[in-house]
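One structure is given below, encoded as structure tokens.
The values are calculated or read from the model by the stated rules, or taken from the named source; none is laboratory data. Quantities reported herein were computed from a predicted structural model and do not represent experimental measurements. Don't worry about glycine lacking a Cβ; one is built from the backbone with ideal geometry, like all the others, and counts go over all protein chains shown. Protein only, heavy atoms only, side chains kept; ligands, DNA and RNA dropped before computing areas. Shrake-Rupley method; radii C 1.70, N 1.55, O 1.52, S 1.80 Å.
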Amino acid sequence: MKLIVVTTPTFFVEEDKIITALFEEGLDILHLRKPETPAMYSERLLTLIPEKYHKRIVTHEHFYLKEEFNLRGIHLNGRNPEPPVGYKGHISKSFHHIDELKAEKKNFNYVFL
């Protein structure tokens, strides 16, 4: 089993320190989920997290961050339902109905219901 954590939708003071501590304690994957926030805030947060943990972070928005920060991958959802054209790499996806999940889960590294 892997421990996966999804961030709160808003940024908060010293979030980078908490995320770093979670990784140090064994967190496997962090989903950076900050809907409706400017990319520069996610960029800032990522610069404050040690680079050695970037390969364990999946972004829900601003997919260019995957390459810019050498992140694990991207996560698709209702706001961002399609990967960038030509994207190759880790993809996870959120589903709201079990039938959709069953039909499409083979297309992703893992899924959320």
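Under the Karplus relation 6.51 cos²θ - 1.76 cosθ + 1.60, θ = phi - 60°, what is the ordered set of whole-Hz ³J(HN,Hα) values for the range 84-97, x standing for Gly and Pro?
x, 4, x, 5, 10, x, 4, 9, 10, 8, 9, 10, 10, 9
Between the DSSP loop rule and a limit of at most 16 other Cβ atoms within 10 Å, which chymotrypsin sites (Phe, Trp or Tyr not before Pro) in the range 11-113 are left?
In loop regions of the range 11-113 (DSSP not H, G, I, E or B), the sparsely surrounded chymotrypsin sites (Phe, Trp or Tyr not before Pro) are PHE11, PHE12, TYR64, TYR87.
Determine the gain in length on full extension of the stretch LEU101-GLU68; use 0.36 nm per residue of separation and subtract their C-alpha separation, reporting nm with one decimal.
8.9 nm
For Cα Rg over 2.2 N^0.38 Å, the listed values are (1) 0.99; (2) 1.04; (3) 1.19; which was obtained by calculation from the structure presented?
Computed from these coordinates, Cα Rg over 2.2 N^0.38 Å corresponds to label (2).
Based on DSSP loop calls and a cut-off of at most 15 other Cβ atoms within 10 Å, the longest stretch of the chain free of exposed GluC sites (Glu not before Pro) is what?
Counting only loop sites that pass the neighbour cut-off, the longest clear stretch is 37-113.
Name the trypsin sites (Lys or Arg not before Pro) in the range 1-98 that are in a loop by DSSP and that have at most 15 other C-beta atoms within 10 Å, would you?
Passing both the DSSP loop test and the Cβ count: LYS2, ARG79, LYS88.
Per DSSP H run of at least 4 residues, take -39500 (n - 2.57); add these up for the chain, divide by its residues and hand me the 222 nm value, nearest 500 deg cm²/dmol.
For the chain, the value works out to -7000 deg cm²/dmol.
Looking at the chain as a GNM with Cα springs under 10 Å, which of HIS90, HIS60, HIS75 has the largest mean-square fluctuation?
Result: HIS90 has the largest fluctuation of those listed.
Less than 14 Å Cβ to Cβ from LEU27, Lys/Arg counted +1 and Asp/Glu -1: what total charge do the surrounding residues give?
That works out to +1.
Per the 1.4 Å probe, what fraction of the accessible area of the chain, in percent, lies on carbon and sulfur atoms?
Taking all protein chains in place, the chain shows 55 percent carbon and sulfur surface.
How many nm is it between the label spots at GLU24 and ILE4, if each spot is 7 Å from the Cα in line with the beta carbon?
According to this spin-label approximation, the distance is 2.6 nm.
Local charge sum around LYS66 (other residues, Cβ-Cβ under 13 Å, Lys/Arg +1, Asp/Glu -1)?
Net local charge, LYS66 excluded: 0.
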